[in-house]
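The values are calculated or read from the model by the stated rules, or taken from the named source; none is laboratory data. Predicted model, so just to flag it, every value in this text is computed and none were measured. Cβ placement follows ideal geometry from the backbone for every residue including glycine, while neighbour counts extend to all protein chains displayed.
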Amino acid sequence: MFENCENENNSSEDIELLNIHEEYKTSAEDLEKDKIKIEAENEELSRKNKELYENYLRTMADFENYKKRTKKESLRDYKCGQIDILKDILEIQDDFDRGKSFFIKCKNEDEFLEGLDIIQNKIKNLLVSHNASSYGEPGDEFDPRIHEAVASETVKDSDYDGKIIRVLRKGFLKDDEILRPAQVIVGRVENSSQEPAETDINCENK
């Protein structure tokens, strides 16, 4: 009887050990599977990271090339613009040279003045073609932002107080930017407290 009990206990222990072994074996297999899965995922992540980094390098290289290309194109356009302007100026210079030769031989003042008018109109058209326009006329209100008061003169008519009475040099604008301020003389009624304000024009605009 005791021998049967002992055999039964041994059998129970063997079964338990077998179950533990099977569980361990299953756990080890699962761990191996998980390890293979993780390694595969890491390998995929490494591949994607490498691909992203290579794309980043290509993008940066393309961007640097784009900057160089646009800088080169901007410089080329700027030079072409300068060349076009110089060509226009050279044509006017040719007109002056011809006018000078004509003036030496010319006995008709009206014809000579007509030639000067033609040259002046060419200059005006050149300025207009580059969106440049003149401003500053007698009677305009003095504005220190766009006018440079060279001097003031006493006027009797109060309507001309603080207004431009003479223009010494016309001002020019390009696309609402001041190329140079107009130099003017401002009217001032005697004993008037109104003084032409000092100009506040950026040096770049002169």
Matching residues, segment 112-123, being surrounded by 13 or more Cβ atoms within 10 Å (Cβ to Cβ) and within 23 Å of Phe172 (Cα to Cα): Leu116, Ile119, Lys122, Ile123
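Kindly indicate the residue of segment 151-170 that is aliphatic (A, V, I, L, M) and surrounded by 15 or more Cβ atoms within 10 Å (Cβ to Cβ) and also farthest from Ile185 (Cα to Cα) among those meeting that condition. I'd like the intermediate steps shown before the answer.
Going through segment 151-170, the residues aliphatic (A, V, I, L, M) turn out to be 151, 155, 164-165, 167-168.
This time we only want the ones that are surrounded by 15 or more Cβ atoms within 10 Å (Cβ to Cβ), so: 155, 164-165, 167.
Numbers: Val155: 11, Ile164: 6, Ile165: 6, Val167: 6 Å.
In this case the residue turns out to be Val155.
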Residue within segment 80-98 that is in contact with a Gly (Cβ under 9 Å, 6 or more places away or on another chain) and surrounded by 13 or more Cβ atoms within 10 Å (Cβ to Cβ) present: yes
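Within segment 103-134, how many residues turn out to be in a helix (DSSP H, G or I), more than 28 Å from Ala182 (Cα to Cα) and in contact with a helix residue (DSSP H, G or I) (Cβ under 6 Å, 6 or more places away or on another chain)? Write out each step before concluding.
Of segment 103-134, the ones in a helix (DSSP H, G or I) are 103-105, 109-129.
From what's left, more than 28 Å from Ala182 (Cα to Cα): 103-105, 109-112.
Subset that is in contact with a helix residue (DSSP H, G or I) (Cβ under 6 Å, 6 or more places away or on another chain): 103, 112.
Summing the residues that are in a helix (DSSP H, G or I), more than 28 Å from Ala182 (Cα to Cα) and in contact with a helix residue (DSSP H, G or I) (Cβ under 6 Å, 6 or more places away or on another chain) in segment 103-134 gives 2.
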From the options Glu64, Glu109, Glu141, Glu137, residue that is surrounded by fewer than 10 Cβ atoms within 10 Å (Cβ to Cβ) and at pLDDT 85 or above: Glu141
